[in-house]
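The values are calculated or read from the model by the stated rules, or taken from the named source; none is laboratory data. All values reported here derive from a predicted model rather than from experimental measurement. Positions of Cβ are backbone-derived with ideal geometry, glycine not excepted, and every protein chain shown enters the neighbour counts.
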Amino acid sequence: MVNYVKLALRNLSHRRTRSVLTVIGIFIGIAAVVALVSLSSGLSNVISAEFQKLGADKIIIMSSAGGMFSSPLASEISAHPLTTDDVNDIKKIAGVSLVGGVLVKSITIELSGETKNTFLIGIPLGKEQDMLKDAMGFKLAEGRELKASDKYAAVIGSYLANGFFKKKIKSGDKIKLNGKDFEVVGVLNSVGNRQEDTQLYIPIETARELFNEQKLVSIIVAQAQAGVSTEQLGEKISKKLRASRHQKEGEEDFTVQTPEQLAASFGAILGAVQTAVIGIAAISLLVGGIGIMNTMYTSVLERTREIGIMKAIGARNSHVMLIFLTESGMLGLLGGILGVSIGLALAIGAQEIAVQAGQSLLKASITPELIIFSLAFSFLVGTISGLLPARHASSLKPVDALRYE
């Protein structure tokens with residue numbers, strides 16, 4: 001087999017320009033597969049980690065006024081927003097351990113004469129704060145958490161503390177929120193998302209006073225008691241809210257999302273993306289395969305007399321066929337090697353660009369299995385593409401091949 005490989009490489013090197021042009025179709029497809037599959041797999045891993053951080057016992061209730069991909073600000077444009085009444089209704093449901101309502105608002109921050117806008121999150125204190133802290137993955141880098149006696153106090157994200165303003169903010173510093181003085185009591189570790197790292201958190205009662213919002217909530221987080229199914233509890237919450245808000249099933253202006261539903265939704269989206277990637281790559285690989293087949297047919301015509309000589313001195317049909325199959329397989333493999341290299345470079349480059357932009361969700365997941373599969377698949381595509389030309393070469397009769405001009 002080693003001799004077949006050496007012969008194939010020698011023949012390809014003699015037709016260097018044609019070989020390079022032939023592998024282009026293969027390497028484009030393989031590069032697309034490697035780059036996009038590694039990025040989508042990395043994104044899937046990060047999302048899975050986020051779900052684990054959220055916890056398997058948390059249920060998220062949001063207004064659906066913003067459509068399928070509703071945001072925490074959707075309640076502000078809803079005709080029937082979520083309120084503290086909904087929070088109290090959920091508290092009464094059997095199987096619910098804790099419930100916390102969160103208020104999200106756009107806020108103007110002033111520091112040393114510099115003014116910028118970001119998002120403020122009003123959170124309940126006490127046990128509800130601990131639940132939300134676990135669900136959101138909060139970890140302090142410095143200072144302390146909010147406590148019951150705090151009023152005009154804030155905990156800020158890492159980028160808000162260092163990078164958002166010209167001046168760095170640390171625990172004990174004063175900032176102005178909509179013209180009111182607040183003391184920064186804590187700074188959070190980075191969560192890897194620029195938007196979240198720019199947010200700040202204050203007691204929800206202070207936020208209500210600041211915005212004159214007595215009952216509005218943007219997000220409700222409910223924690224299930226130990227041993228209670230979040231799927232069944234989610235159905236109870238939906239039924240209770242439909243009854244209290246006088247809405248029919250299927251006409252709700254709120255969404256109740258369990259960890260299983262969130263994971264399934266993101267899984268479906270990622271699956272669709274990966275299917276689209278595979279479809280695009282398949283078209284490129286088909287074009288590349290046709291290119292290899294065309295090249296191999298041309299090679300058979302150019303080497304017809306050579307085939308006749310090989311057969312005349314004792315080469316069997318299987319020998320001739322294996323020579324051409326090895327050559328076409330090597331064309332595919334060379335395209336695969338080039339495609340894997342470019343695909344890895346694109347994936348790592350996209351990850352670095354995302355990091356520079358403050359987004360850590362886009363991470364490349366490069367595994368040996370992906371590389372080995374890509375190389376093996378490219379070799380297989382090349383081999384299959386060369387099958388018909390190789391059979392044609394092996395079926396040539398020595399006398400006819402030697403007479404070929």
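Annotation note: of K248, K170, the sole residue that is free of Cβ contacts under 8 Å to residues at least 12 places away in the same chain and of a type in the set (D, E, K, R) is K248.
Any residue at all in region 369-384 that is farther than 18 Å from V34 by Cα and of a type outside the set (F, W, Y)? Yes, that holds for at least one residue. In summary, L160 fulfils each of the numbered conditions (1) crowded, with 21+ Cβ neighbours inside 10 Å; (2) closer than 20 Å to T83 by Cβ with the single exception of condition (2). Set side by side, the residues R242, R305 differ, and just one is basic (K, R) and farther than 25 Å from V102 by Cβ, which is R305. Here V228 passes the criteria (1) loosely packed, with under 15 Cβ neighbours inside 10 Å; (2) part of a loop (DSSP other than H, G, I, E, B) except the one numbered (1).
The condition (being under 28 Å from P259 (Cα atoms) and either in a loop (DSSP other than H, G, I, E, B) or not acidic (D, E) (or both)) is satisfied by just one residue among V221, V185: V221.
In this entry, S385 is excluded by the filter for residues that are over 30 Å from F164 (Cβ atoms) and modelled with pLDDT of 90 or more. Only one entry in E249, E235, E183 is modelled with pLDDT of 90 or more, outside the structural domain of D86 (by TED's automatic domain parsing) and surrounded by fewer than 19 Cβ atoms within 10 Å (Cβ to Cβ), namely E235. Across region 277-302, which residue is nearest to the chain's Cα centre (by Cα) among those that are surrounded by 19 or more Cβ atoms within 10 Å (Cβ to Cβ) and farther than 30 Å from S40 by Cα? That would be M293. Across region 128-163, the number of residues qualifying as touching a strand residue (DSSP E or B) at 6+ places or on another chain (Cβ under 6 Å), farther than 21 Å from L177 by Cβ and not aliphatic (A, V, I, L, M) comes to 1. The residue of region 99-132 that is farthest from the chain's Cα centre (by Cα), among those that are exposed (fewer than 14 other Cβ atoms within 10 Å of the Cβ) and of a type in the set (V, I, T), is T115.
When the test is whether a residue is outside the structural domain of S19 (by TED's automatic domain parsing), part of a loop (DSSP other than H, G, I, E, B), surrounded by 15 or more Cβ atoms within 10 Å (Cβ to Cβ) and within 31 Å of the chain's Cα centre (by Cα), E213 does not pass it.
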